[in-house]
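Undergrad: Pasting a structure here, questions to come.
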Amino acid sequence: MENRSLVTIADHSRQKIEYLLQMARQFELHPNRLLLQGRVVATLFFEPSTRTRLSFETAANRLGARVIGFADPKVTSGTKGETLKDTIMMVSNYADIIVMRHYLEGAARYASEIAPVPIINAGDGANQHPSQTMLDLYTIYQTQGTLDNLHIYLVGDLKYGRTVHSLLMAMRHFNPTFHFIAPEELAMPAHYKDYCRQHGIRYVEHQEFDAEVISGADILYMTRVQRERFTDLMEYERVKDRYLLKLPMLAQAKPTMKILHPLPRVNEIEYAIDDDPHAYYFQQARNGLFARQALICDALGITLEQIENDTTILS
Amino acid sequence: MKQQQLLVAALENGTVIDHIPCDKVFQVVSLLHLDQNDRDAITIGLNLKSERIGLKGIVKVANKFFTDEELNQLSVITPNVTLITIRDFEVVEKKEVQMPDTLTGIVHCPNPKCICNNEPMRTVFHLERPSGRLRCHYCNTEIATAEAVIEH
(Lines give C-alpha, C1' and ligand atoms only; values in the text may rest on other atoms or scores of the structure.)
Protein backbone atom coordinates (compact mmCIF):
# COMPACT_ATOMS: atom_id res chain seq x y z
CA MET A 1 0.00 0.00 0.00
CA GLU A 2 1.24 3.50 -0.82
CA ASN A 3 2.47 5.32 2.26
CA ARG A 4 0.48 8.55 2.37
CA SER A 5 2.06 9.81 5.59
CA LEU A 6 3.27 13.40 5.86
CA VAL A 7 6.63 13.59 7.63
CA THR A 8 8.17 16.64 5.94
CA ILE A 9 7.28 18.86 3.02
CA ALA A 10 10.93 19.43 2.19
CA ASP A 11 10.60 16.56 -0.30
CA HIS A 12 7.38 17.84 -1.92
CA SER A 13 7.50 19.00 -5.52
CA ARG A 14 6.23 22.39 -6.63
CA GLN A 15 3.27 20.62 -8.20
CA LYS A 16 2.38 18.82 -4.96
CA ILE A 17 2.61 22.02 -2.90
CA GLU A 18 0.37 23.87 -5.37
CA TYR A 19 -2.08 20.96 -5.30
CA LEU A 20 -2.31 21.12 -1.49
CA LEU A 21 -2.75 24.91 -1.63
CA GLN A 22 -5.70 24.48 -4.00
CA MET A 23 -7.16 21.98 -1.59
CA ALA A 24 -6.76 24.39 1.33
CA ARG A 25 -8.48 27.06 -0.78
CA GLN A 26 -11.53 24.80 -1.09
CA PHE A 27 -11.66 24.44 2.68
CA GLU A 28 -11.35 28.19 3.15
CA LEU A 29 -14.44 28.59 0.94
CA HIS A 30 -16.35 25.84 2.77
CA PRO A 31 -14.73 24.64 5.99
CA ASN A 32 -17.79 22.76 7.32
CA ARG A 33 -18.50 19.46 5.61
CA LEU A 34 -19.25 15.82 6.31
CA LEU A 35 -16.42 14.63 4.09
CA LEU A 36 -14.85 12.56 6.89
CA GLN A 37 -18.05 11.28 8.45
CA GLY A 38 -17.49 7.81 9.86
CA ARG A 39 -13.72 8.28 10.09
CA VAL A 40 -11.68 8.38 13.29
CA VAL A 41 -8.70 10.71 13.62
CA ALA A 42 -6.26 10.09 16.49
CA THR A 43 -4.25 12.99 17.87
CA LEU A 44 -1.32 11.71 19.91
CA PHE A 45 0.54 14.53 21.63
CA PHE A 46 3.57 13.09 23.39
CA GLU A 47 4.55 16.70 23.98
CA PRO A 48 1.91 19.30 24.84
CA SER A 49 1.09 21.82 22.09
CA THR A 50 -2.33 23.28 22.64
CA ARG A 51 -2.36 25.48 19.55
CA THR A 52 -1.40 22.77 17.08
CA ARG A 53 -3.64 20.17 18.69
CA LEU A 54 -6.70 22.41 18.69
CA SER A 55 -6.08 23.33 15.08
CA PHE A 56 -5.86 19.67 13.97
CA GLU A 57 -8.83 18.62 16.08
CA THR A 58 -10.93 21.50 14.74
CA ALA A 59 -9.93 20.53 11.21
CA ALA A 60 -11.09 16.95 11.79
CA ASN A 61 -14.27 17.95 13.63
CA ARG A 62 -15.34 20.45 10.97
CA LEU A 63 -15.08 17.69 8.37
CA GLY A 64 -17.31 15.37 10.40
CA ALA A 65 -14.63 13.01 11.74
CA ARG A 66 -14.51 11.72 15.31
CA VAL A 67 -11.37 12.49 17.28
CA ILE A 68 -9.62 10.32 19.87
CA GLY A 69 -6.25 10.80 21.52
CA PHE A 70 -4.37 12.46 24.32
CA ALA A 71 -3.02 15.93 24.95
CA ASP A 72 -0.68 15.02 27.75
CA PRO A 73 1.74 12.08 27.61
CA LYS A 74 1.56 11.66 31.38
CA VAL A 75 -1.76 9.83 30.93
CA THR A 76 -0.34 7.25 28.52
CA SER A 77 1.45 3.93 28.91
CA GLY A 78 4.60 5.66 27.71
CA THR A 79 5.14 6.53 31.35
CA LYS A 80 5.03 2.78 32.09
CA GLY A 81 7.83 2.20 29.60
CA GLU A 82 5.78 1.36 26.52
CA THR A 83 7.67 1.96 23.29
CA LEU A 84 6.46 4.38 20.63
CA LYS A 85 6.06 1.43 18.29
CA ASP A 86 3.64 -0.36 20.63
CA THR A 87 1.57 2.79 21.17
CA ILE A 88 1.38 3.42 17.41
CA MET A 89 0.45 -0.19 16.61
CA MET A 90 -2.26 -0.14 19.28
CA VAL A 91 -3.81 3.14 18.11
CA SER A 92 -3.63 2.01 14.46
CA ASN A 93 -6.24 -0.61 15.37
CA TYR A 94 -8.69 2.14 16.30
CA ALA A 95 -8.01 5.14 14.04
CA ASP A 96 -7.91 5.74 10.27
CA ILE A 97 -5.11 8.29 10.60
CA ILE A 98 -2.74 9.42 13.36
CA VAL A 99 -1.68 13.03 13.94
CA MET A 100 1.39 12.89 16.13
CA ARG A 101 3.49 15.39 18.05
CA HIS A 102 6.63 14.01 19.69
CA TYR A 103 9.57 15.47 21.58
CA LEU A 104 12.08 13.16 19.84
CA GLU A 105 13.49 13.98 16.41
CA GLY A 106 12.63 11.48 13.70
CA ALA A 107 9.71 10.05 15.68
CA ALA A 108 7.24 10.79 12.89
CA ARG A 109 9.45 9.19 10.23
CA TYR A 110 9.78 6.06 12.34
CA ALA A 111 6.04 5.95 13.10
CA SER A 112 5.27 6.29 9.38
CA GLU A 113 7.46 3.26 8.65
CA ILE A 114 5.75 0.98 11.15
CA ALA A 115 2.14 2.15 11.18
CA PRO A 116 -0.46 0.55 8.89
CA VAL A 117 -2.34 3.90 8.80
CA PRO A 118 -1.03 7.29 7.59
CA ILE A 119 0.87 9.47 10.06
CA ILE A 120 0.82 13.27 9.99
CA ASN A 121 3.79 14.87 11.68
CA ALA A 122 2.57 17.63 13.99
CA GLY A 123 6.13 18.39 15.04
CA ASP A 124 9.02 16.11 16.03
CA GLY A 125 11.43 17.82 18.39
CA ALA A 126 13.55 20.43 16.64
CA ASN A 127 13.25 18.55 13.35
CA GLN A 128 10.13 19.16 11.21
CA HIS A 129 6.73 20.81 11.53
CA PRO A 130 5.22 20.48 8.06
CA SER A 131 1.68 21.64 8.84
CA GLN A 132 3.09 24.98 10.06
CA THR A 133 5.02 25.29 6.80
CA MET A 134 1.91 24.48 4.80
CA LEU A 135 -0.11 27.19 6.51
CA ASP A 136 2.77 29.64 6.04
CA LEU A 137 2.85 28.87 2.32
CA TYR A 138 -0.90 29.18 2.07
CA THR A 139 -0.82 32.55 3.84
CA ILE A 140 1.94 33.86 1.60
CA TYR A 141 0.01 32.72 -1.47
CA GLN A 142 -3.24 34.17 -0.13
CA THR A 143 -1.75 37.60 0.58
CA GLN A 144 0.56 37.96 -2.42
CA GLY A 145 -1.44 36.07 -5.04
CA THR A 146 1.66 34.04 -5.91
CA LEU A 147 4.59 32.24 -4.32
CA ASP A 148 6.99 33.25 -7.11
CA ASN A 149 9.78 35.85 -6.97
CA LEU A 150 9.06 37.17 -3.47
CA HIS A 151 11.35 38.91 -1.00
CA ILE A 152 10.89 37.12 2.31
CA TYR A 153 12.48 38.61 5.43
CA LEU A 154 13.16 36.22 8.29
CA VAL A 155 13.71 37.98 11.62
CA GLY A 156 14.75 36.79 15.09
CA ASP A 157 15.85 33.27 15.98
CA LEU A 158 17.10 31.82 12.70
CA LYS A 159 19.29 29.22 14.39
CA TYR A 160 16.76 27.13 16.32
CA GLY A 161 13.55 28.25 14.60
CA ARG A 162 12.46 25.17 12.68
CA THR A 163 9.61 27.09 11.01
CA VAL A 164 12.03 29.35 9.17
CA HIS A 165 14.18 26.39 8.10
CA SER A 166 11.19 24.46 6.74
CA LEU A 167 9.87 27.55 4.97
CA LEU A 168 13.24 28.17 3.37
CA MET A 169 13.38 24.62 2.01
CA ALA A 170 9.76 24.57 0.83
CA MET A 171 10.20 27.88 -1.04
CA ARG A 172 13.07 26.57 -3.17
CA HIS A 173 10.72 25.89 -6.08
CA PHE A 174 9.55 29.50 -6.26
CA ASN A 175 12.65 31.63 -6.92
CA PRO A 176 12.56 33.59 -3.65
CA THR A 177 15.06 36.05 -2.23
CA PHE A 178 15.51 35.56 1.50
CA HIS A 179 16.73 38.25 3.87
CA PHE A 180 18.18 37.10 7.20
CA ILE A 181 18.01 39.43 10.20
CA ALA A 182 19.22 37.87 13.45
CA PRO A 183 21.59 38.36 16.39
CA GLU A 184 24.96 36.75 15.80
CA GLU A 185 24.29 33.95 18.31
CA LEU A 186 21.06 33.02 16.53
CA ALA A 187 22.21 33.54 12.92
CA MET A 188 21.08 31.24 10.10
CA PRO A 189 23.25 28.07 10.38
CA ALA A 190 25.89 27.56 7.70
CA HIS A 191 24.32 24.38 6.35
CA TYR A 192 21.11 26.23 5.49
CA LYS A 193 23.14 28.83 3.65
CA ASP A 194 24.81 25.95 1.82
CA TYR A 195 21.33 24.64 1.05
CA CYS A 196 20.45 28.04 -0.46
CA ARG A 197 23.56 28.02 -2.64
CA GLN A 198 22.95 24.45 -3.80
CA HIS A 199 19.37 25.26 -4.78
CA GLY A 200 20.03 28.66 -6.31
CA ILE A 201 18.16 30.55 -3.57
CA ARG A 202 19.40 34.14 -3.22
CA TYR A 203 19.88 35.44 0.30
CA VAL A 204 21.00 38.70 1.88
CA GLU A 205 22.12 39.17 5.48
CA HIS A 206 21.28 42.45 7.20
CA GLN A 207 22.86 43.93 10.29
CA GLU A 208 20.19 46.57 10.78
CA PHE A 209 16.48 46.11 11.35
CA ASP A 210 14.81 49.42 10.48
CA ALA A 211 12.28 51.07 8.17
CA GLU A 212 14.70 51.24 5.28
CA VAL A 213 15.59 47.54 5.38
CA ILE A 214 11.94 46.54 5.75
CA SER A 215 10.92 48.64 2.73
CA GLY A 216 11.96 45.86 0.35
CA ALA A 217 9.88 43.14 1.99
CA ASP A 218 6.88 41.29 0.59
CA ILE A 219 6.70 39.11 3.70
CA LEU A 220 8.14 39.97 7.10
CA TYR A 221 8.33 36.70 9.04
CA MET A 222 8.94 37.42 12.73
CA THR A 223 10.03 34.81 15.30
CA ARG A 224 10.66 34.85 19.02
CA VAL A 225 14.13 35.60 20.34
CA GLN A 226 14.15 33.52 23.51
CA ARG A 227 16.35 34.31 26.47
CA GLU A 228 17.16 30.64 27.09
CA ARG A 229 18.73 30.30 23.64
CA PHE A 230 21.65 32.54 24.62
CA THR A 231 24.79 31.17 26.23
CA ASP A 232 25.79 34.73 27.06
CA LEU A 233 22.98 36.56 28.86
CA MET A 234 24.84 39.86 28.54
CA GLU A 235 24.57 39.38 24.79
CA TYR A 236 20.84 38.72 25.14
CA GLU A 237 20.34 41.94 27.09
CA ARG A 238 22.33 43.82 24.47
CA VAL A 239 20.41 42.60 21.42
CA LYS A 240 16.90 41.78 22.68
CA ASP A 241 15.37 45.13 21.76
CA ARG A 242 17.02 45.30 18.36
CA TYR A 243 14.66 42.70 16.88
CA LEU A 244 11.38 44.14 18.09
CA LEU A 245 9.03 45.37 15.40
CA LYS A 246 7.56 48.80 16.16
CA LEU A 247 4.89 50.70 14.25
CA PRO A 248 7.15 53.53 12.90
CA MET A 249 9.35 50.88 11.27
CA LEU A 250 6.50 50.19 8.81
CA ALA A 251 6.56 53.74 7.41
CA GLN A 252 8.21 52.77 4.11
CA ALA A 253 6.76 49.28 3.80
CA LYS A 254 5.14 48.15 0.54
CA PRO A 255 1.33 48.42 0.74
CA THR A 256 1.05 44.68 0.06
CA MET A 257 3.64 43.66 2.66
CA LYS A 258 2.30 41.33 5.36
CA ILE A 259 3.73 40.52 8.78
CA LEU A 260 3.61 36.84 9.74
CA HIS A 261 4.50 35.10 12.99
CA PRO A 262 4.12 31.41 13.91
CA LEU A 263 2.84 32.46 17.37
CA PRO A 264 2.93 32.55 20.32
CA ARG A 265 4.18 36.11 20.30
CA VAL A 266 5.83 37.45 23.42
CA ASN A 267 6.96 40.98 22.77
CA GLU A 268 8.63 40.89 19.37
CA ILE A 269 5.73 42.65 17.63
CA GLU A 270 4.45 45.80 19.29
CA TYR A 271 0.72 45.55 20.12
CA ALA A 272 0.02 48.80 18.27
CA ILE A 273 0.80 46.91 15.05
CA ASP A 274 -2.13 44.51 15.53
CA ASP A 275 -4.53 47.07 14.02
CA ASP A 276 -2.22 47.98 11.15
CA PRO A 277 -3.22 46.53 7.74
CA HIS A 278 0.22 44.93 7.43
CA ALA A 279 -0.44 42.69 10.45
CA TYR A 280 -1.57 39.24 9.32
CA TYR A 281 -0.51 36.78 12.04
CA PHE A 282 -3.99 36.08 13.38
CA GLN A 283 -5.36 35.36 9.90
CA GLN A 284 -2.26 33.22 9.38
CA ALA A 285 -3.20 31.13 12.42
CA ARG A 286 -6.74 30.76 11.06
CA ASN A 287 -5.30 29.43 7.81
CA GLY A 288 -3.85 26.61 9.90
CA LEU A 289 -7.34 25.13 9.98
CA PHE A 290 -7.68 25.03 6.17
CA ALA A 291 -4.13 23.82 5.62
CA ARG A 292 -4.63 21.00 8.14
CA GLN A 293 -7.96 20.01 6.60
CA ALA A 294 -6.10 19.66 3.31
CA LEU A 295 -3.28 17.62 4.85
CA ILE A 296 -5.65 15.22 6.64
CA CYS A 297 -7.69 14.65 3.46
CA ASP A 298 -4.62 14.17 1.29
CA ALA A 299 -3.17 11.64 3.77
CA LEU A 300 -6.48 9.75 3.68
CA GLY A 301 -6.33 9.57 -0.10
CA ILE A 302 -9.11 12.08 -0.78
CA THR A 303 -8.39 13.99 -4.00
CA LEU A 304 -8.81 17.65 -4.94
CA GLU A 305 -11.38 16.58 -7.52
CA GLN A 306 -13.44 14.84 -4.83
CA ILE A 307 -13.27 17.94 -2.66
CA GLU A 308 -14.31 20.21 -5.54
CA ASN A 309 -17.29 17.93 -6.24
CA ASP A 310 -18.10 17.36 -2.58
CA THR A 311 -21.85 17.16 -1.89
CA THR A 312 -21.49 17.09 1.89
CA ILE A 313 -20.89 20.83 2.33
CA LEU A 314 -22.79 22.28 5.27
CA SER A 315 -24.15 25.81 5.14
CA MET B 1 56.81 -13.36 4.36
CA LYS B 2 56.67 -16.89 3.07
CA GLN B 3 54.74 -18.02 6.09
CA GLN B 4 52.27 -15.20 5.62
CA GLN B 5 51.61 -16.26 2.05
CA LEU B 6 51.19 -19.81 3.22
CA LEU B 7 48.64 -18.70 5.76
CA VAL B 8 46.55 -17.11 3.03
CA ALA B 9 47.07 -19.93 0.59
CA ALA B 10 46.10 -22.45 3.21
CA LEU B 11 42.47 -21.37 3.01
CA GLU B 12 40.51 -23.85 0.94
CA ASN B 13 37.25 -21.91 0.80
CA GLY B 14 36.37 -18.63 2.41
CA THR B 15 37.03 -14.91 2.58
CA VAL B 16 40.18 -12.92 3.27
CA ILE B 17 39.96 -9.30 4.33
CA ASP B 18 43.36 -7.83 3.66
CA HIS B 19 45.15 -4.51 4.17
CA ILE B 20 43.25 -3.62 7.32
CA PRO B 21 44.96 -0.85 9.33
CA CYS B 22 46.12 -2.61 12.53
CA ASP B 23 44.04 -0.43 14.84
CA LYS B 24 40.87 -1.30 12.91
CA VAL B 25 41.18 -5.09 12.95
CA PHE B 26 39.00 -5.70 15.98
CA GLN B 27 36.36 -3.27 14.74
CA VAL B 28 36.21 -5.33 11.54
CA VAL B 29 35.82 -8.48 13.64
CA SER B 30 33.04 -6.87 15.63
CA LEU B 31 31.22 -5.39 12.63
CA LEU B 32 31.08 -8.76 10.87
CA HIS B 33 30.02 -10.40 14.16
CA LEU B 34 32.98 -12.78 13.93
CA ASP B 35 33.30 -12.66 17.71
CA GLN B 36 29.94 -14.46 17.82
CA ASN B 37 30.89 -17.02 15.21
CA ASP B 38 31.57 -20.37 16.94
CA ARG B 39 31.55 -22.51 13.80
CA ASP B 40 34.01 -21.31 11.16
CA ALA B 41 37.81 -21.25 11.52
CA ILE B 42 38.89 -17.63 11.84
CA THR B 43 42.47 -16.39 11.62
CA ILE B 44 43.31 -12.87 12.73
CA GLY B 45 46.72 -11.46 11.82
CA LEU B 46 48.20 -8.28 13.25
CA ASN B 47 51.33 -6.23 12.51
CA LEU B 48 52.12 -8.06 9.26
CA LYS B 49 54.43 -6.34 6.81
CA SER B 50 52.74 -4.67 3.88
CA GLU B 51 54.35 -2.83 0.97
CA ARG B 52 51.20 -0.78 0.61
CA ILE B 53 50.48 0.37 4.15
CA GLY B 54 53.57 -0.55 6.22
CA LEU B 55 52.05 -2.78 8.87
CA LYS B 56 48.67 -4.32 8.23
CA GLY B 57 46.10 -6.59 9.72
CA ILE B 58 44.36 -9.48 8.02
CA VAL B 59 41.26 -11.51 8.79
CA LYS B 60 40.51 -14.88 7.20
CA VAL B 61 37.25 -16.69 7.62
CA ALA B 62 37.02 -20.26 6.40
CA ASN B 63 33.89 -21.43 4.57
CA LYS B 64 32.22 -18.08 4.86
CA PHE B 65 31.17 -15.85 1.96
CA PHE B 66 29.79 -12.48 2.90
CA THR B 67 27.27 -10.53 0.87
CA ASP B 68 28.39 -7.28 -0.74
CA GLU B 69 26.05 -5.51 1.65
CA GLU B 70 27.83 -6.97 4.67
CA LEU B 71 31.28 -6.22 3.33
CA ASN B 72 30.51 -2.72 2.14
CA GLN B 73 29.63 -1.79 5.69
CA LEU B 74 33.34 -2.07 6.41
CA SER B 75 33.83 1.10 4.39
CA VAL B 76 32.71 3.14 7.39
CA ILE B 77 35.64 2.06 9.53
CA THR B 78 38.23 1.29 6.88
CA PRO B 79 37.61 2.35 3.29
CA ASN B 80 40.69 0.78 1.66
CA VAL B 81 40.63 -2.91 2.58
CA THR B 82 40.95 -5.63 -0.03
CA LEU B 83 38.39 -8.43 -0.11
CA ILE B 84 39.50 -11.77 -1.49
CA THR B 85 37.19 -14.68 -2.17
CA ILE B 86 38.82 -18.10 -2.26
CA ARG B 87 37.37 -21.33 -3.62
CA ASP B 88 39.38 -24.56 -3.91
CA PHE B 89 42.56 -22.72 -2.85
CA GLU B 90 42.15 -20.31 -5.80
CA VAL B 91 41.55 -16.58 -5.60
CA VAL B 92 38.32 -16.23 -7.55
CA GLU B 93 37.61 -12.58 -6.79
CA LYS B 94 39.55 -9.59 -5.48
CA LYS B 95 37.87 -6.27 -4.88
CA GLU B 96 37.78 -3.20 -2.66
CA VAL B 97 34.91 -2.11 -0.45
CA GLN B 98 32.55 0.59 -1.65
CA MET B 99 30.59 2.90 0.60
CA PRO B 100 26.91 1.91 0.23
CA ASP B 101 24.19 4.55 -0.16
CA THR B 102 22.47 3.38 3.01
CA LEU B 103 23.98 2.00 6.20
CA THR B 104 21.58 0.08 8.43
CA GLY B 105 22.41 -0.76 12.03
CA ILE B 106 26.06 0.27 11.64
CA VAL B 107 26.58 3.88 12.63
CA HIS B 108 25.57 5.32 15.99
CA CYS B 109 23.58 8.57 15.82
CA PRO B 110 25.26 11.22 17.98
CA ASN B 111 21.97 13.04 18.64
CA PRO B 112 20.61 11.91 22.05
CA LYS B 113 17.19 13.30 21.07
CA CYS B 114 16.98 11.14 17.95
CA ILE B 115 14.24 8.52 18.03
CA CYS B 116 16.80 5.83 17.12
CA ASN B 117 18.55 6.33 20.46
CA ASN B 118 15.30 5.96 22.36
CA GLU B 119 13.52 3.02 20.74
CA PRO B 120 14.60 -0.60 20.20
CA MET B 121 15.34 -0.05 16.50
CA ARG B 122 18.22 -0.04 14.05
CA THR B 123 19.91 3.18 12.95
CA VAL B 124 19.80 4.17 9.29
CA PHE B 125 22.27 6.57 7.69
CA HIS B 126 22.39 7.81 4.11
CA LEU B 127 25.56 8.74 2.24
CA GLU B 128 25.17 12.30 1.00
CA ARG B 129 26.79 13.13 -2.32
CA PRO B 130 28.95 14.97 -3.18
CA SER B 131 29.86 15.91 0.41
CA GLY B 132 30.53 12.28 1.42
CA ARG B 133 28.90 12.95 4.80
CA LEU B 134 26.48 10.60 6.51
CA ARG B 135 22.95 11.83 7.31
CA CYS B 136 20.65 10.21 9.87
CA HIS B 137 17.49 8.96 8.18
CA TYR B 138 15.42 9.97 11.21
CA CYS B 139 16.73 13.24 12.71
CA ASN B 140 18.80 14.48 9.70
CA THR B 141 21.92 14.97 11.82
CA GLU B 142 24.98 14.94 9.55
CA ILE B 143 28.38 13.54 10.49
CA ALA B 144 31.69 13.12 8.68
CA THR B 145 32.45 9.49 7.84
CA ALA B 146 35.69 9.74 9.81
CA GLU B 147 33.72 10.73 12.93
CA ALA B 148 31.27 7.84 12.65
CA VAL B 149 31.00 5.70 15.76
CA ILE B 150 30.00 2.07 15.22
CA GLU B 151 26.89 0.74 16.96
CA HIS B 152 27.48 -1.85 19.64
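Undergrad: Being among the acidic types (D, E), at pLDDT 90 or above and either outside the structural domain of B:V124 (by TED's automatic domain parsing) or touching a helix residue (DSSP H, G or I) at 6+ places or on another chain (Cβ under 9 Å) (or both) is the requirement here; does B:D23 meet it?
TA: Values: among the acidic types (D, E): yes; at pLDDT 90 or above: yes; either outside the structural domain of B:V124 (by TED's automatic domain parsing) or touching a helix residue (DSSP H, G or I) at 6+ places or on another chain (Cβ under 9 Å) (or both): yes.
So B:D23 passes the test.
Undergrad: Here are B:T67, B:T78, B:T82, B:T43: which of them is over 30 Å from A:A126 (Cβ atoms) and free of Cβ contacts under 8 Å to residues at least 12 places away in the same chain?
TA: Working: B:T78 fails: free of Cβ contacts under 8 Å to residues at least 12 places away in the same chain; B:T82 fails: free of Cβ contacts under 8 Å to residues at least 12 places away in the same chain; B:T43 fails: free of Cβ contacts under 8 Å to residues at least 12 places away in the same chain.
Unique residue meeting the criteria: B:T67.
Undergrad: For residues that are hydrophobic (A, V, I, L, M, F, W, C) and open to solvent by less than 20 Å² (accessible area, probe 1.4 Å), scanning just the range B:35-68, find the one that is farthest from the chain's Cα centre (by Cα).
TA: Step one: list which residues in the range B:35-68 are hydrophobic (A, V, I, L, M, F, W, C), which gives B:41-42, B:44, B:46, B:48, B:53, B:55, B:58-59, B:61-62, B:65-66.
Subset that is open to solvent by less than 20 Å² (accessible area, probe 1.4 Å): B:58-59, B:61-62.
Details: B:I58: 11, B:V59: 10, B:V61: 13, B:A62: 17 Å.
So, considering only residues that are hydrophobic (A, V, I, L, M, F, W, C) and open to solvent by less than 20 Å² (accessible area, probe 1.4 Å), the one farthest from the chain's Cα centre (by Cα) is B:A62.
Undergrad: Please verify whether the range B:72-86 includes one or more residues that are open to solvent by less than 10 Å² (accessible area, probe 1.4 Å), within 12 Å of chain A (Cβ to nearest Cβ) and not aliphatic (A, V, I, L, M).
TA: Scanning the range B:72-86 turns up no residue that is open to solvent by less than 10 Å² (accessible area, probe 1.4 Å), within 12 Å of chain A (Cβ to nearest Cβ) and not aliphatic (A, V, I, L, M).
Undergrad: Can you tell me how many residues in the range B:105-124 are open to solvent by less than 50 Å² (accessible area, probe 1.4 Å) and more than 12 Å from chain A (Cβ to nearest Cβ)?
TA: Quick first cut of the range B:105-124, residues open to solvent by less than 50 Å² (accessible area, probe 1.4 Å) only: B:105-107, B:109, B:111, B:114-116, B:119, B:121, B:123-124.
Within this subset, residues satisfying the condition of being more than 12 Å from chain A (Cβ to nearest Cβ) are B:105-107.
Here the count works out to 3.
Undergrad: Here's another thing I want to ask about it. Could you list, in sequence order, the residues of the range B:126-152 that are part of a strand (DSSP E or B), of a type in the set (A, V, I, L, M, F, W, C) and more than 21 Å from A:H102 (Cα to Cα)? Talk me through it step by step, then tell me what you get.
TA: The first filter runs over the range B:126-152 and keeps only residues part of a strand (DSSP E or B), leaving B:126-127, B:134-136, B:142-143, B:149-150.
Okay, now just the ones that are also of a type in the set (A, V, I, L, M, F, W, C), so B:127, B:134, B:136, B:143, B:149-150.
Those that are part of a strand (DSSP E or B), of a type in the set (A, V, I, L, M, F, W, C) and more than 21 Å from A:H102 (Cα to Cα): B:L127, B:L134, B:I143, B:V149, B:I150.
Undergrad: Something else about it: Sort through A:E18, A:E2, A:E28 and tell me the only one that's open to solvent by 10 Å² or more (accessible area, probe 1.4 Å), over 21 Å from B:I115 (Cα atoms), among the charged types (D, E, K, R) and outside the structural domain of A:L304 (by TED's automatic domain parsing).
TA: Numbers: A:E18 fails: outside the structural domain of A:L304 (by TED's automatic domain parsing); A:E28 fails: outside the structural domain of A:L304 (by TED's automatic domain parsing).
Answer to the selection: A:E2.
Undergrad: Can you find even one residue in the range A:227-238 that is out of contact with any Ser or Thr (no Cβ under 7 Å at 6 or more places or on another chain), of a type in the set (V, I, T) and outside any loop (DSSP other than H, G, I, E, B)?
TA: Among the residues of the range A:227-238, not one is out of contact with any Ser or Thr (no Cβ under 7 Å at 6 or more places or on another chain), of a type in the set (V, I, T) and outside any loop (DSSP other than H, G, I, E, B), which makes the answer no.
Undergrad: I'm told A:D96 meets every condition in (1) away from every other protein chain (no Cβ under 13 Å); (2) over 12 Å from A:A299 (Cβ atoms); (3) out of contact with any His (no Cβ under 8 Å at 6 or more places or on another chain); (4) surrounded by fewer than 21 Cβ atoms within 10 Å (Cβ to Cβ) except one. Can you identify the failing condition by its number?
TA: Result: A:D96 passes all but (2).
Undergrad: Inside the range B:95-104, can you point out the residues that are open to solvent by less than 20 Å² (accessible area, probe 1.4 Å) and not in a loop (DSSP other than H, G, I, E, B)? So that I can check it myself, show each step before the final result.
TA: Step one: filter the range B:95-104 for residues open to solvent by less than 20 Å² (accessible area, probe 1.4 Å), giving B:97, B:103.
The answer is B:L103, and nothing else.
Undergrad: Let me confirm something: among A:P248, A:P255, A:P262, which residue is assigned to a loop (DSSP other than H, G, I, E, B), open to solvent by 30 Å² or more (accessible area, probe 1.4 Å) and either free of Cβ contacts under 8 Å to residues at least 60 places away in the same chain or assigned by TED's automatic domain parsing to the domain that holds A:A272 (or both)?
TA: On the way: A:P248 fails: assigned to a loop (DSSP other than H, G, I, E, B); A:P262 fails: open to solvent by 30 Å² or more (accessible area, probe 1.4 Å).
One residue alone meets the criteria, A:P255.
The values are calculated or read from the model by the stated rules, or taken from the named source; none is laboratory data. Quantities reported herein were computed from a predicted structural model and do not represent experimental measurements. Glycine gets a Cβ as well: all are built from the backbone with ideal geometry, and neighbour counts include every protein chain shown. Quick note on the areas: whole protein, heavy atoms, side chains included, nothing else; ligands and nucleic acids left out. Shrake-Rupley method; radii C 1.70, N 1.55, O 1.52, S 1.80 Å.
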